[in-house]
């Protein structure tokens, strides 16, 4: 059946990304706008990777406008970037054309745009090192967001590959992902497993809590660019840099909170099988 012939309500439901939590700005602002783009593109069979490239072009245009001092234009282009960034995945799901090419292209184009935007922010604010620190913090936040949700799903029996196999162009992008993102994926997973060594199933579920996933999800890229879109026209670019840095720092109390959740339930077993509470385990760290 032609995807364009499917009723609009069914297409909207099919295009919804399955997540255990909601990123509010994405769900209630950008996703409905992206759906309008999907409705327009479905009949003409635009390939989803083309929308990824259009999203990247809008983002890079926003970064160039920002560097040129055109703050309102930059803000608008970055919101367009976010709409298209949501539309590519929705279009792929609605048309049944999800692919590893789109997955890797999306991740790597987002990183490129983010680097350009923060370089422009460093240029216009004169605070290059703050921009670098904020960029690194945001990159960490986005990686933690992806991996905590992936691990949350895995703990509940839904396996999701961090780095699916790919060939051809997608394979080349996968190799780039392996250099840029895979070490961060491994770092997050290693840290999480170090906290859960010897934990019972109940303790593991307590640690992989939905509230933490929800909080980190709302530090996501759609929310970040919405906040930047507010700061730029107001002439407060530097405020956004501190906000992005603050999101990175907020990961520390969230990690401590998860340790408290872990310690609140029986979590280690002796060889005889009896369950004991941790006594001298540090609050964080491996």
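Readers should treat all values here as calculations from the given coordinates under stated rules, not as data from a laboratory. Keep in mind the model is a prediction, meaning the values are calculated, not measured. We place every Cβ from the backbone using ideal geometry, glycine too, and count neighbours over all the protein chains shown.
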Quiz item: Using the Cα gyration tensor of the stretch 147-263, with a ≥ b ≥ c the square roots of its eigenvalues, what is the shape: rounded (a/c below 1.5), prolate (a/b larger than b/c) or oblate (neither)?
Solution: oblate
Quiz item: Helix 100-125: angle to the longest alpha-carbon principal axis of the chain, degrees 0 to 90, nearest 10?
Solution: 80
Quiz item: On a 0 to 90 degree scale, rounded to 10, what angle separates helix 128-155 from the longest Cα axis of the chain?
Solution: 60
Quiz item: Between the helical axis of 221-231 and the dominant principal axis of the chain, each derived from Cα atoms, what acute angle in degrees is found, rounded to the nearest 10?
Solution: 60
Practice problem: Compare the peptides 24-37, 158-171 by average per-residue count of other Cβ atoms within 10 angstrom and give them in order, highest first. | Solution: 24-37, 158-171
Quiz item: Can you put 186, 81 in order, fewest other beta carbons within 10 Å first?
Solution: 186, 81
Quiz item: Once the Cβ-Cβ distance between residue 256 and residue 180 is put in as r, and R0 is 25 Å, what FRET efficiency do you end up with, to the nearest 0.05?
Solution: 0.30
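Using the Cα gyration tensor of the stretch 3-276, with a ≥ b ≥ c the square roots of its eigenvalues, what is the shape: rounded (a/c below 1.5), prolate (a/b larger than b/c) or oblate (neither)?
It comes out oblate by the Cα gyration axes.
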Quiz item: Taking Cα centroids, how far is the stretch 192-233 from the stretch 66-115 in Å?
Solution: 21
Practice problem: Would you compute, from DSSP H runs of 4+ residues alone, the mean residue ellipticity of the chain at 222 nm, taking -39500 (n - 2.57) per run and dividing by the full residue count, rounded to the nearest 500? | Solution: -22500 deg cm²/dmol
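I need the peptides 228-237, 255-264 ranked by packing, meaning the mean over residues of other C-beta atoms within 10 angstrom, with the highest value on top. Walk me through the numbers before you get to the answer.
Values: 228-237: 17.3, 255-264: 15.5.
Order by mean packing, descending: 228-237, 255-264.
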Quiz item: What ranking, highest mean first, results for peptides 188-197, 57-66, 211-220 when packing means the other Cβ atoms within 10 Å averaged over each residue?
Solution: 57-66, 211-220, 188-197
